[in-house]
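The structure under discussion appears below in the form of structure tokens.
The values are calculated or read from the model by the stated rules, or taken from the named source; none is laboratory data. Note that the structure is predicted; figures quoted are calculated from it, not measured. Here the Cβ is made from the backbone with ideal geometry for all residues, glycine too, and neighbour counts use every protein chain on show. Protein only, heavy atoms only, side chains kept; ligands, DNA and RNA dropped before computing areas. Shrake-Rupley method; radii C 1.70, N 1.55, O 1.52, S 1.80 Å.
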Amino acid sequence: MKRLSIGLRLTLWYLAIFLLAELIFGVGMWFILRKNLYDIADLTLRDQVADLERFLEARKDFPTPQLEEEISEDYKIERSEDYLQISDGSGNSIYRSRFFEEHPLPAVAIDQLTKPRYETRKLGHHSFRVVSEKMDVDGRVYMVQIGHPLHEEMETLDDFRKYLLGFAPILLLGASAVGYWLSHRALAPVDALTRTARTISGHNLGSRLEKLNTGDELQRLSDTLNEMLARIEAAFLRITEFTADASHELRTPIALIHTEAELALRRSRNEGEYREALNHILQEAERTGKLVEELLALARADSGSEALNVHSVDLAPLLKECAAKWAKVASLRNFEFEERLDVQHLRVMGDESALRRVVDILLDNAFKYTLAPGKVTLSAEEKQGRIVVSIEDTGIGISSEDQSRIFERFYRVDKARSRELGGAGLGLAIAQWIVQLHKGLITVESGVGRGSIFRFEIPATASVPLTNSALK
């Protein structure tokens, strides 16, 4: 079953609420009107009681038989339309109007009347407002009951009810039309956003939804969707650039391998020439394998499938092992290599092989971009609950413009030198990813011609330990 549109559902809700409000208002006003009409009738009854009391006070010395005669003559002649019933304290009837003779009122015990009692009674086919009151006139007690017909009041209430029932459907239809118009107008920006969103694809991710300035939820929705589109566009561009860069980086060594093999097969060569050609092919194959490995590592990082083997690691011996290995490289390249690892223990929670990879990447970069005779320094310290590892070199340095992009994938400051040295621009991106997995931070401080200092810091063991999962 197809669901109703939001606009139609809002209209139906508005209609139901309006109908309920109209019903409550109508019923409430009907009861208020009835109460006011009854109050007016009760006021008339109080005036009649006061007139009767004055009538009885004027004849307070009359004996009961004469009083009966006076009341009968007065009310039967002058007030034949009145609805009156009088009895003495013993319950003996003194006067009863013709209507009450035909439709007698229920008996009321005079002892139960401490104040006037007003009630509505159905007598015959008519409704009456009846007051029952105990009246003491100069020591003589009377039980007085006076009625007031409610013909006009009932007609007024019936007319009011007809007006309500007559105008209610009209108001309801009007409210429905207004509600539908309001809901359609309120949701019109949503339709516009939907139409624009349907036109956005991978070919025009730079398009954005219409900017709303309504200051309400729709504006927040539009702004949120535009922010999401911006993130999607950035991710799409990164993937596109990554694919293009990866294709380019893979094409170059494959082309070199193909060219070297083709040249070797064009004519007969001696063993030395074949060996040299195969050596070149092997170097390019190794370079290609390393590039593929780095690409796979980044792909696993993006998918979140790479998990850390987290356990307690002492960085001090790990750094000393790395220092010993790179010290040999430094001696072969006529470099000065210095280690400042005076601390005994640098305990962290992390993956030992991943942290070793970060150190090797940073040291490899320092050696690549430092000209002999240069100097590379490895140091580490614990500061404010964090382990800080620094690699400083006296190399060519990095400009401030390049520093903001140095950790991007495939980004290389000196592309010619990087390719000559076998770099693909992925090492620092991998290092940053590993450091972030360890809840850490990696930074660079450099200037053109004055070397570079790469630092990464991660929480010491005393800090909250990592969970054995990848950063999503």
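Before moving on, here are some points about what is shown:
- For the criterion of being part of a helix (DSSP H, G or I), modelled with pLDDT under 90 and open to solvent by 30 Å² or more (accessible area, probe 1.4 Å), A416 passes.
- Test: A230 is modelled with pLDDT of 75 or more, of a type in the set (A, V, I, L, M, F, W, C) and open to solvent by less than 50 Å² (accessible area, probe 1.4 Å): yes
- Residue within the range 67-88 that is in contact with a Gly (Cβ under 7 Å, 6 or more places away or on another chain), at pLDDT 85 or above and under 30 Å from F31 (Cβ atoms) present: yes
- Of all residues in the range 425-443, those that are outside any helix (DSSP H, G or I) have Cβ atoms under 6 Å from Cβ atoms of residues that are among the polar types (S, T, N, Q), 6 or more apart or on another chain, in I442/Q432.
- Subset of the range 41-57 that is without any contact (Cβ under 8 Å) to a residue 24 or more places away in the chain and open to solvent by 80 Å² or more (accessible area, probe 1.4 Å) - its residue that is farthest from E152 (Cα to Cα): R54
- L296 surrounded by 12 or more Cβ atoms within 10 Å (Cβ to Cβ), over 22 Å from E392 (Cα atoms) and modelled with pLDDT under 80: no
- Residue in the range 393-409 that is under 25 Å from M349 (Cβ atoms) and either in contact with a Lys or Arg (Cβ under 7 Å, 6 or more places away or on another chain) or modelled with pLDDT of 90 or more (or both) present: no
- Qualifying position, being within 30 Å of L33 (Cβ to Cβ), in contact (Cβ under 8 Å) with a residue 24 or more places away in the chain and assigned to a helix (DSSP H, G or I), among L256, L172, L250: L172
- Flag for R267 being over 60 Å from the mean Cα position of the chain (by Cα), at pLDDT 80 or above, open to solvent by 90 Å² or more (accessible area, probe 1.4 Å) and at negative phi: no
- When A186, A177, A244 are screened for being at pLDDT below 80, assigned to a helix (DSSP H, G or I), open to solvent by 50 Å² or more (accessible area, probe 1.4 Å) and closer than 28 Å to A21 by Cβ, only A186 passes.
- Odd one out for T11 among (1) surrounded by fewer than 17 Cβ atoms within 10 Å (Cβ to Cβ); (2) under 60 Å from the mean Cα position of the chain (by Cα): (1)
- Search result, residues across the range 111-136 that are crowded, with 17+ Cβ neighbours inside 10 Å and hydrophobic (A, V, I, L, M, F, W, C): L123, F128, V130, V131, M135
- Filter pass, D158 being free of Cβ contacts under 8 Å to residues at least 12 places away in the same chain and more than 30 Å from N226 (Cβ to Cβ): yes
- Note on the range 313-327: residues that are more than 17 Å from S390 (Cβ to Cβ) and touching a helix residue (DSSP H, G or I) at 6+ places or on another chain (Cβ under 7 Å) total 1.
- Hits in the range 1-40 - residues which are within 18 Å of S183 (Cβ to Cβ) and in contact (Cβ under 8 Å) with a residue 24 or more places away in the chain: I6, G7, L8, L10, T11, Y14, L15, F18, L19
- Scanning the range 143-171 for residues that are of a type in the set (G, A, S) and under 22 Å from S127 (Cα atoms) yields a count of 1.
- The residues in the range 189-226 that are among the β-branched types (V, I, T), open to solvent by 40 Å² or more (accessible area, probe 1.4 Å) and touching a helix residue (DSSP H, G or I) at 6+ places or on another chain (Cβ under 8 Å) can be counted, and the count is 2.
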